[in-house]
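Worksheet: the structure to be examined is printed underneath.
The values are calculated or read from the model by the stated rules, or taken from the named source; none is laboratory data. This one's a predicted model, so the numbers in the text were calculated from it and none came from an experiment. Every residue, glycine as well, gets a Cβ built from its backbone with ideal geometry; the counts of neighbours run over all protein chains shown. Heads up: the accessible areas ignore ligands, DNA and RNA and are worked out on the full protein's heavy atoms, side chains in. Shrake-Rupley method; radii C 1.70, N 1.55, O 1.52, S 1.80 Å.
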Amino acid sequence: MMDKERTIPVLYLVVPCYNEEEVIEKSSRVLADKIRRLIQAGRIAAGSKVMFVNDGSKDRTLELLHRAAAQDTIFSVVSLAGNYGHQSAILAGMMMARQYADAVVTIDADLQQDIEALDKFLESYMAGCEVVYGVRNDRHSDGMFKKGSATLYYGLMHLLGSKVITNHADYRLMSKKALDALAEYKETNLFLRGLIPTMGFPSDVVYFDVKAREAGHSKYTLSKMMTLAMDGITSMSTRPLRMISALGFVVFIFSCIMSVISLVDWVQGKNVPGYTTTMIVSLLIGGITLLSLGIIGEYVGKIYMETKHRPRYIIDTVVWKENEHKEDS
Ligand code: UDP
Ligand code: MG
C-alpha cells in the first residue's frame, strides 16, 4: 500500500493574496509563527516556508509582502503579472513550491481557516496520505445566501457526477508526488476541488472551524463566484449535454403525440380554436431551444479557451532566500 516510510517534510504554505493589504501583516505573523512552532516541535523540516502569491493586487499588498520577505527569510513571494484568479494563483504557488517542498498546504490570506488544523494535516501526511482535504465544520460564519447557495451547489455537483467533497474549499495538503501528478493536468478551465479527487491518491479529511475574516472584505465577488461555479460544473461533467439530448427526446415524443391528435381532429373535421395551445407549445419549444443552445455554448466556449493552450498564469517576480536561523529574535 504505502511504498515508503515518511520523513519529516519540508512544508510550504501557499497563500494567494489579492488586495489583502489590511490583513497581510497580521497573517504573515501568524503563519510564520505557526511554521516556527512546527519546526521547533520537530514536525516539519527547517527549510519550511510561507510562500505568498500576489495575484495582481492593485493596493499595497505586494509592497507589504516584499517588506515582510526582506525582514524574514521564512517568507517567499511569487508575484503574478496580473489578476489570474484564486485557482490560478494557488496553482502558480503550488507549482513553484513543489521545487523545494515535500508537502504544500494552500490556505487563504484572511486566516478564516484554522491554522491549528495543520497538525492534523501533517499527521495524515505522515501516515502516508498524498492529499489531505480540509473540510469546514459548519457554515455559521456565512450569510444565508452563501449558506443556501453552497448547499444547492454541492447537491447539484454530486447530481452531475462530480467528485467534489462537500464544504471543502481550497485548504488542503498535497504531497510532492500529488503535485507532480497535478502538473500533468494542462487544462485552462481549472477547478481544483473537482480535479484533485479524481486523481485518486490515498487521502484523508480533516475538519476545522471557520472564523470570520481577520480584516478587509471578501475578494470573491458575486461574478467571480458565479464563474467558479460554472467552471466547476462544465469542467467536471458533460452530463448537462446528455440532459439536453434527453430533453430533446421528450419534446420529440410530445410533438409526435400532438401531431397525431391534431391529425385525428382534422380528419374528423373538428375546428380547432387552438390559440393557447399553439402559443404554449411554441414558447415552450423556443425556450428549451435557447436554454439548450446556451448550455452547448458554454461548452463550445470552454473548448475554444482550451484549444488556445494559453499559459494559466505568468510569473512576474520571485523572492526566495534560504532560511536563516532566527532563534534569538
Ligand atoms: N484571491 C485571489 N485572487 C482573486 C480573488 C481572491 O488570489 O482573484 C484570494 C484572496 O486573497 C484570499 C483567497 O483567494 O486569500 C480567498 O478569497 P476570499 O477570502 O476573499 O474569499 P471567501 O473566503 O470570501 O470565499
Ligand atoms: Mg475568505
Given a 1.4 Å probe and the protein chains all in place, what does the accessible area of Arg60 round to, in Å² to the nearest 10? 110
Top to bottom by accessible area (1.4 Å), largest first, where do Lys176, Lys219 land? Lys176, Lys219
In degrees from 0 to 90, rounded to the nearest 10, what is the angle of the helix 275-308 Cα long axis to the longest principal axis of the chain? 30
Accessible area in square angstrom per residue, the chain, 1.4 angstrom probe: 53
With Cα atoms, 0 to 90° folded angle of helix 61-71 axis to the chain main axis: 20
With Cα atoms, 0 to 90° folded angle of helix 222-236 axis to the chain main axis: 80
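What part of the accessible area of the range 122-236, given as a whole %, is carbon or sulfur when the probe is 1.4 angstrom?
Details: 3290 of 5370 Å².
So the carbon and sulfur contribution to the accessible surface is 61 percent.
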Can you pull the accessible area of Glu130 for me, 1.4 Å probe, Å² to the nearest 10? 10
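Largest first, what is the accessible-area ranking of Tyr18, Tyr100, Tyr207 with a 1.4 Å probe? Show your work: numbers first, answer last.
Details: Tyr18 50, Tyr100 80, Tyr207 125 Å².
These residues rank, largest area first, as Tyr207, Tyr100, Tyr18.
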Full extension between Thr277 and Phe145 adds, at 0.36 nm per residue less the Cα distance, a length in nm of 43.7 nm
For the range 256-329, which whole-number percentage of the solvent-accessible area (1.4 Å probe, protein heavy atoms only) is attributable to carbon and sulfur atoms? 68
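Can you classify the range 9-48 as rounded, prolate or oblate using the Cα gyration tensor, where a ≥ b ≥ c are the square roots of its eigenvalues, rounded means a/c under 1.5, and otherwise it's prolate if a/b beats b/c and oblate if not?
Numbers: a/c = 4.78, a/b = 2.09, b/c = 2.28.
It comes out oblate by the Cα gyration axes.
Given a 1.4 Å probe and heavy atoms of the protein chains only, how would you sort His168, His66, largest accessible area at the top?
Working: His168 0, His66 65 Å².
Ranked from most to least accessible, the order is His66, His168.
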Could you work out the relative contact order of the range 113-268, using alpha carbon pairs under 8 angstrom and six or more residues apart, expressed as a whole percent? 35
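Considering only DSSP beta bridges whose two residues both sit in the chain, what percent are antiparallel, to the nearest 5?
Working: 12 of 33 bridges.
Expressed as a percentage, antiparallel bridges in the chain total about 35.
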For Ile296, placing the label point 7 angstrom along Cα-to-beta-carbon and taking the range 251-290, residues whose amide nitrogen sits under 12 Å are 289-290
Projecting each Cα onto the charge dipole of the range 189-323 (Lys/Arg +1, Asp/Glu -1 at the beta carbon, about the Cα centre), which of Met225, Met258, Ser292 comes out farthest on the positive side? Met225
Each residue of the range 82-95 in turn: what ³J(HN,Hα) in whole Hz from Karplus with 6.51, -1.76, 1.60 and θ = phi - 60°, glycine and Pro shown as x? x, 8, 9, x, 3, 4, 5, 5, 6, 4, 4, x, 5, 5
Residue-averaged 222 nm ellipticity for the chain, from DSSP H runs of 4+ at -39500 (n - 2.57), nearest 500: -16000 deg cm²/dmol
With every protein chain left in place and a probe of 1.4 Å, what is the accessible surface of Leu159, to the nearest 10 Å²? 120
